[in-house]
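Engineer: To start, I am sharing the structure in question, which I have written as structure tokens.
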Amino acid sequence: MTSTPRKQIILAAYVGGVNEHTAWEHPDAGSQIAFSTFRHVAQTAERGRFDYFFLAEGLALRARDGRIFDHDIAGRPDTLPVLAALAAVTEHIGLVGTLNATFNEPYELARQIASLDHLSGGRAGWNVVTSFDAFTGANFRRGGFLPHADRYVRAEETVATIRELWDAWAQDAIVADKASGQFLREADAGAFAHHGSQFDTEGRFTVPRSPQGRPVIVQAGVSPQGRDFAASTADAIFSPYSTLAEGQAFYADIKERAARFGRGPDEIKILPSAGFVLGDTHAEAEEKARHIKEQQLSDKTIRVTFEQVWNRDLSGFDLDGPVPGIDPDPEAPTFIQGRAFIFQDRFQTVRSWRELADERGLTFRGLAHAVAREANYVGTPAQVADQLDAFVQQDGADGVVIGSHVVPSGIDEFVDRVVPLLQERGSLRTEYSGTTLRDNLGLPVPVRAAADAELAGACA
Amino acid sequence: MTSNRLRIGVALEGAGWHPAAWREPSARPQDLFTPQYWVDLVRTAEAGLVDFVTIEDSLALQSSEFLSPDDRTDEVRGRLDAVLIASRVAPVTSRIGLIPTATVTHTEPFHLSKAIATLDFTSEGRAGWQVKVSGRPDEAAHVGRRAYPEVDGPDDPAFGALVTELFDEAADAVEVVRRLWDSWEDDAEIRDAATDRFLDADKVHQIDFEGRFFSVRGPSITPRSPQGQPVVAALAHAAVPYLLAARQADLVFTTPADADHARTILNEVRAAEITAARNGEPLQVYADLVVLLDAPGGRPEDGGDGGERAVDRLARLDALGRPLASDARIVAGSAAEVADIVAELHALGYTGVRLRPGVVTDDLPRIADQLIPALQQRGLLPDDADTAETLRGLLGLPDAAPSRYAATTTAAATA
């Protein structure tokens, strides 16, 4: 009697770079920039048979009130160079980096990502992000030129153009016949032309078709436009939902949208980020989690979190006093710069916070604790394995992206204590079976679009 | 061995600098886009005590035409991004300098700056960058942000005007990259729990560059790297590029055709330094040479057991397709003959040579196994590996000064 293999949990390990969660005061805290940090996380994750290693990106340092924000960890490597270096010290794990579609040109991104794919034997992936702000734009020749509403238009056409470039070389374009002297099969190898509203480019692409054909594309997107963009083009999508019900709803929605674009449910993977805290008992894990949260919620962090939403200087308000009665001031110059703004509507957010504070009698500081992001998986290794496995088996997601507040060694414990339990129950590979990131994720190899075929998408 | 000993660089380009190199038995044309090929080449150079490798790159395919693509099918076409090749080999090498070529025209200096700084981190202080300026209209069309005027070739006056402007732009781009490398002071990261500060915000600086072509605010997102200022190189054949090198580079690669030309070039470079009002270290001047070396075994007339002579190999390769033509002097001969030329250049005042192997899979091992020992025997190179830990150290360049912005911190504090 045959049995259906258990749904495999996709695992990704990330080094978040700049954030307010990494505990730099922790005795085990390592460098944010030394290569040894990235090597440690990538090699540990590979030991744990993770699908990929992931890097975030930010193209401007965080600022508060026009001054560099000195509290959070800061200092990033450049995404692709560090991934290329990691390709030298790993063999199977995917290498996914965040690259901005607004402040890069498609021709350059296409050749760089394709080069990483060649240099890693087919393990490259790209997390597509957009931005539109003049603050980041001041670091670039083009400046902060893109109106908010247009960022998806540019991002869609960027991805479409890059895919055309990745397809520009035929699989068998290189003959390399020493005897006959024929290196190229066709004299116009790599020829391409893209004339759209955002990009007007043509010529010959310089990088032959890479091992994956098309490197893996990852996106985040919550708005309807974002969800459609991801469902139509992404191989993996970040989910913001960690509870089972919300996760299942998002999952079903994305897979349905993908079907409308002619894609099967296995062609797109859905992954939320997740934090974990392990203990020998549940109580011990909870206590650790409480302690970590205390460390993370320093006065400066609390203030900055609220200041970003209020868009005001809140240093005059006592954190142990009530929630300030003033309204957000969206018209004022942006007070906190360089931090992703994750709230949909600042007035609504403040309203719901006030309600919560009133309900529970919370001080300003108490509110910060109540709304702070918490680790999703807190417990013994067995409890964490059970919870994660159940989440995935019940289609809350296809896996998780995990990081740790301790960089780089925080992930070790997950690999040492949780991974074996997932492997025992058959939810996680014990060995890699393929060689590329697409193999790891179970994604099909894309068929190369004919050079003269028009691709679907917003290219008008 | 003094700090102005001879330096040796090797320029890596596909299967080699001869258009037919890929057809040789030793060549690996099917491996040109694999990591192992590049690891093998760089490790061979490193084991041979080569000081640095450069890696060619461009925003367009290789071409037999000066300013446009061609339609040849009998030569290597296609490259991987050079900064990423260098990044891929960094963790598996330990001594050799890594100097990828990256174009400044059309690209963002902010991205270049962090890319090279990151290479410096992953290589633990062995990073450099060869600045390339692109005058090719097809490269402009690849990026699609500007169009070049039509020019009829290098002698068209419109070309000269374009080149001058492109090199002015390049000087600004390198200025931005260097300022961004300094935007974090070495000790900006303080991890001070008492004041809850990861950074000393006073030690991270905007660069506030405003130029004719663009403005960049900064700071970089990447901290000051091990070398502080990675090594900057440029290839130059004429006054305008010499001036760029004099304004912004540490190394200049030149192409003397013979000893007289070599003297002339040195004078031109020194004149450019004066025009540029260059401060600090003088430019290190390198002579590029395309080299093909006799096969091991020695010449029959010298009692050896044969092995193809380089001049014969060159003639054979030239007959296969497009003959080798180069901006650099082509030298085909024995290790002793090549060593003579290198020694003469060094005696004239050249810091070193950048060798362009005709067939990299044959000539790079011969550079390592024959040429370098020949230079060691003449006392021009040390017998043992240099103990310097950074590329700057290996090249005899002083450690980078503290960030240029560090002075302002002190000034402010004492004001």
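Just so it is clear, none of the values below were taken in a lab; they were calculated from the coordinates. Model, not experiment: these values are computed from the prediction. Glycine also receives a Cβ, built like all others from the backbone with ideal geometry; neighbour counts cover every protein chain displayed.
Engineer: Compute the signed sum of charges (Lys and Arg +1, Asp and Glu -1) over the other residues within less than 15 Å, Cβ to Cβ, of residue A:424.
Structural biologist: So the surrounding residues net to +1.
Engineer: Next up: Whole angstrom only: what separates the Cα centroid of segment B:106-138 from the Cα centroid of segment B:4-44?
Structural biologist: Using only Cα atoms to place each centre, the spacing works out to 21 Å.
Engineer: Can you compute 3J(HN,Hα) from phi for each residue in segment B:157-167, using the Karplus curve 6.51 cos²θ - 1.76 cosθ + 1.60 with θ = phi - 60°, rounded to whole Hz and x for Gly and Pro?
Structural biologist: x, 4, 5, x, 5, 4, 4, 4, 5, 4, 6
Engineer: Among B:125, B:63, B:396, which residue has its Cα positioned farthest towards the positive end of the charge dipole of chain B, with +1 placed on the Cβ of Lys and Arg, -1 on the Cβ of Asp and Glu, and the dipole taken about the Cα centre?
Structural biologist: Ranked along the dipole, the leading option is B:125.
Engineer: Okay, moving on. Which of A:45, A:73, A:55 sits farthest toward the positive end of the charge dipole of segment A:41-91, with +1 on the Cβ of Lys and Arg and -1 on the Cβ of Asp and Glu?
Structural biologist: Most positive-ward Cα: A:73.
Engineer: Give me the inter-chain shielding for B:110-118: mean count of other chain Cβ atoms within 10 Å, whole number please.
Structural biologist: Across the residues of B:110-118, the mean count of other-chain Cβ atoms within 10 Å is 6.
Engineer: For a test of the definition: using alpha carbon positions, the gyration tensor, and the 1.5 limit on a/c, classify segment A:298-371 as rounded, prolate or oblate.
Structural biologist: prolate
Engineer: Same structure, new question: Per DSSP H run of n ≥ 4, the term is -39500 (n - 2.57); total these for chain B, divide by its residue number, and report the mean residue ellipticity at 222 nm rounded to 500 deg cm²/dmol.
Structural biologist: My calculation for chain B gives -10500 deg cm²/dmol from helical runs alone.
Engineer: A follow-up question, please. Evaluate peptide B:132-143: per residue, the Cβ atoms of other protein chains within 10 Å of its Cβ; return the mean as an integer.
Structural biologist: 3
Engineer: Taking amide H positions as placed in the peptide plane 1.01 Å from N, state which residues far from residue B:197 in sequence (5 or more) or on other chains have amide H under 5 Å from it.
Structural biologist: Hits under the 5 Å cutoff: B:192.
Engineer: A follow-up question, please. What's the magnitude of the charge dipole for the protein assembly as shown around its Cα centre, counting Lys and Arg as +1 and Asp and Glu as -1 at the beta-carbon? Answer in Debye, nearest 20.
Structural biologist: Dipole about the Cα centre, nearest 20: 720 debye.
Engineer: Further question: Rounded to the nearest 20 debye, what is the charge dipole size of segment A:298-371 about its Cα centre when +1 sits on each Lys and Arg Cβ and -1 on each Asp and Glu Cβ?
Structural biologist: That gives a dipole near 220 debye.
Engineer: What shape does the protein assembly as shown have by the C-alpha gyration tensor, where a ≥ b ≥ c are the square roots of the eigenvalues, rounded means a/c under 1.5, and otherwise prolate means a/b greater than b/c and oblate the rest?
Structural biologist: Taking the square roots of the gyration eigenvalues as a ≥ b ≥ c, the protein assembly as shown is prolate.
Engineer: Helix-only estimate, please: 222 nm mean residue ellipticity of chain A, summing -39500 (n - 2.57) across DSSP H runs of length 4 or more and dividing by its residues, to the nearest 500.
Structural biologist: Per the formula, -10500 deg cm²/dmol.
Engineer: Give the average, rounded to an integer, of partner chain Cβ atoms located within 10 angstrom of each Cβ in A:65-72.
Structural biologist: Averaged over the peptide's residues, the number is 5.
Engineer: Given Cβ point charges of +1 (Lys, Arg) and -1 (Asp, Glu) and nothing else, what value in debye, to the nearest 20, does the dipole of chain B about its Cα centre take?
Structural biologist: Approximately 440 debye in magnitude.
Engineer: What is the sum of charges around residue A:170, taking Lys and Arg as +1, Asp and Glu as -1, for the other residues whose C-beta is under 11 Å from the C-beta of residue A:170?
Structural biologist: Result for the local shell: -1.
Engineer: Angle between the Cα long axis of helix B:259-275 and the longest principal axis of chain B, 0 to 90 degrees, nearest 10?
Structural biologist: 10
Engineer: Shifting gears a bit: If you take the square roots of the eigenvalues of the alpha-carbon gyration tensor of segment A:34-127 and sort them as a ≥ b ≥ c, do you get rounded (a/c under 1.5), prolate (a/b over b/c) or oblate?
Structural biologist: Oblate, since a/c reaches 1.5 and b/c is not below a/b.
Engineer: Would you mind counting up the charge near residue B:403? Only other residues with Cβ under 14 Å from its Cβ, with Lys and Arg at +1 and Asp and Glu at -1.
Structural biologist: So the surrounding residues net to -3.
Engineer: Sticking with this structure for a sec: For the ranges A:98-106, B:280-288, B:316-324, what's the packing order if you count other beta-carbon atoms within 10 Å of each residue, average per peptide, and put the highest first?
Structural biologist: A:98-106, B:280-288, B:316-324
Engineer: Highest mean first, what order results for A:174-182, B:348-356, A:195-203, B:119-127 on Cβ atoms within 10 Å?
Structural biologist: Averaged packing, sorted descending, gives the order B:119-127, B:348-356, A:195-203, A:174-182.
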